[in-house]
Each structure stands twice: as structure tokens, then as C-alpha cells.
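In what follows, a single structure is set out as C-alpha cells and then discussed.
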Amino acid sequence: EILRFCDLISLTKEEKEARAMAVSDVRKVLTGMYPECKVKLFGSELTGLCLPSSDLDIACLNVSMAKINGKSPLRRFADELRSAGLVSQLEVVESAKVPIVKLVHARTQVAADVSFNVDDGLSTGWFMREQSELYPQLRPLVLVIKYFLSQRGLNETYPSGGI
């Protein structure tokens, strides 16, 4: 029964294609602005533990964090996304422990968080992916817990950073 439930809440082909389109558009903007950057997916997309409601976690690495004309790379990226008409929602969160640009891709309505020069999520993601491969029973367990927490609004970090 749990395995059937996991099949039900797993991404469809169309959802995977929408997510790939959102990643492609974000990658094009980032590499257009920062040709030397590396764009990496992490979080549930990397681990294979995403729900249809999961956002994309994208790390942009090897970017100078110097302000240009008083604007941080996050603000410049947000401006480029807005100018290109790629987003229906956009928020720059510079005050967080890990500053991010939160966006919703206009064509697909896929949400994404983009961070700059923070790669710790990659090692954690690869660890979880390896564990899921070593222990196949882990994926259904994690998906059920994620769905349960999501249904109760407990799947987001607490705004003030506490519990």
C-alpha cells in the first residue's frame, strides 16, 4: 500500500519536463551573466525524493559576490529574471543564513530557490542519494514522511530560524 502511494505522489512525465524547463531557463540566465559559473541541482531533485509540490534547489557556484553599481549578484540575477519575463513571483532573501533568490517560473509555475557559492547541500544530497540506493526501503519512508509534513504545513524552515 505504501509503495502504491509513493507511485501516486511521484512526479509524472509532464512534471519532470516542467521542472527541466525551469532549470534550463534559470541555467541560461545564470551562465549568461556568469559564464564561469557552475549550476548544480541539490535537495530533493538530486536525491530523487521530491514531491510534485517540491521546489527546485539550485546552487550557482564560482560567482564573485562583489557588488556592481550597489547591487549584489542576487539582486542582479533577480533583475535579469524579471527583465526576461521568466518569473511570475520573485523574492530576494539576502538576510538569511544562506541568501537566496526565491522564484516561480512563469511558464511552468515551478518554484525554485537559487543560492550563490554555497555547496554544502550537494554533499548532503549525494549522501542521501547513495543511502537511498543502498537501502531501497528508505525512499518510500522518506516520501511518506515528507508528504505527511507537507500536508500539515511543516515542510518549510521556520521564518525566524528556530523551531
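The values are calculated or read from the model by the stated rules, or taken from the named source; none is laboratory data. Given the structure is predicted, the values throughout are model-derived calculations rather than measurements. Methodologically, a virtual Cβ is constructed for each residue, glycine included, from the backbone with ideal geometry; neighbour enumeration extends over all protein chains shown. Note: areas computed on protein heavy atoms with side chains; ligands, DNA, RNA excluded. Shrake-Rupley method; radii C 1.70, N 1.55, O 1.52, S 1.80 Å.
Data for the structure
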{"item": "Condition check for Arg75: open to solvent by 40 Å² or more (accessible area, probe 1.4 Å), over 23 Å from Trp126 (Cβ atoms), part of a loop (DSSP other than H, G, I, E, B) and touching a residue at least 12 places away in the same chain (Cβ under 8 Å)", "result": "no"}
{"item": "Checking Ala20 against (1) closer than 30 Å to Pro136 by Cα; (2) modelled with pLDDT under 95, the condition it does not meet", "result": "(2)"}
{"item": "Members of the range 1-40 that are in contact with a strand residue (DSSP E or B) (Cβ under 8 Å, 6 or more places away or on another chain) and open to solvent by 50 Å² or more (accessible area, probe 1.4 Å)", "result": "Met21, Arg27, Thr31, Lys38, Lys40"}
{"item": "Residue under evaluation Glu15, criteria (1) in contact with a Cys (Cβ under 7 Å, 6 or more places away or on another chain); (2) at negative phi, criterion not met", "result": "(1)"}
{"item": "Set Ser54, Ser10, Ser72, Ser95: member being closer than 30 Å to Gln137 by Cβ, over 14 Å from the mean Cα position of the chain (by Cα) and hydroxyl-bearing (Ser, Thr, Tyr)", "result": "Ser10"}
{"item": "Any hit, the range 88-98, residues being under 18 Å from Pro35 (Cβ atoms), out of contact with any strand residue (DSSP E or B) (no Cβ under 8 Å at 6 or more places or on another chain) and among the hydroxyl-bearing types (Ser, Thr, Tyr)", "result": "no"}
{"item": "Residues within the range 30-60 that are of a type in the set (A, V, I, L, M, F, W, C), in contact (Cβ under 8 Å) with a residue 40 or more places away in the chain and in a loop (DSSP other than H, G, I, E, B), tallied", "result": "2"}
{"item": "Matching residues, the range 17-67, being touching a Phe, Trp or Tyr at 6+ places or on another chain (Cβ under 9 Å) and acidic (Asp, Glu)", "result": "Asp57"}
{"item": "Residue check, Val144 open to solvent by less than 90 Å² (accessible area, probe 1.4 Å), hydrophobic (A, V, I, L, M, F, W, C), under 21 Å from Ile2 (Cα atoms) and touching a Cys at 6+ places or on another chain (Cβ under 8 Å)", "result": "yes"}
{"item": "Selection count where residues are without any contact (Cβ under 8 Å) to a residue 40 or more places away in the chain and assigned to a helix (DSSP H, G or I), scope the range 142-156", "result": "4"}
{"item": "Of all residues in the range 101-141 being among the aromatic types (Phe, Trp, Tyr) and farther than 24 Å from Thr12 by Cα, the one that is surrounded by the fewest Cβ atoms within 10 Å (Cβ to Cβ)", "result": "Phe127"}
{"item": "Residues that are in a loop (DSSP other than H, G, I, E, B) and either surrounded by fewer than 13 Cβ atoms within 10 Å (Cβ to Cβ) or of a type outside the set (A, V, I, L, M, F, W, C) (or both), drawn from the range 78-95", "result": "Gly85, Glu94, Ser95"}
{"item": "Qualifying residue in the range 47-66 (condition: surrounded by 15 or more Cβ atoms within 10 Å (Cβ to Cβ), in contact with a Pro (Cβ under 6 Å, 6 or more places away or on another chain) and β-branched (Val, Ile, Thr))", "result": "yes"}
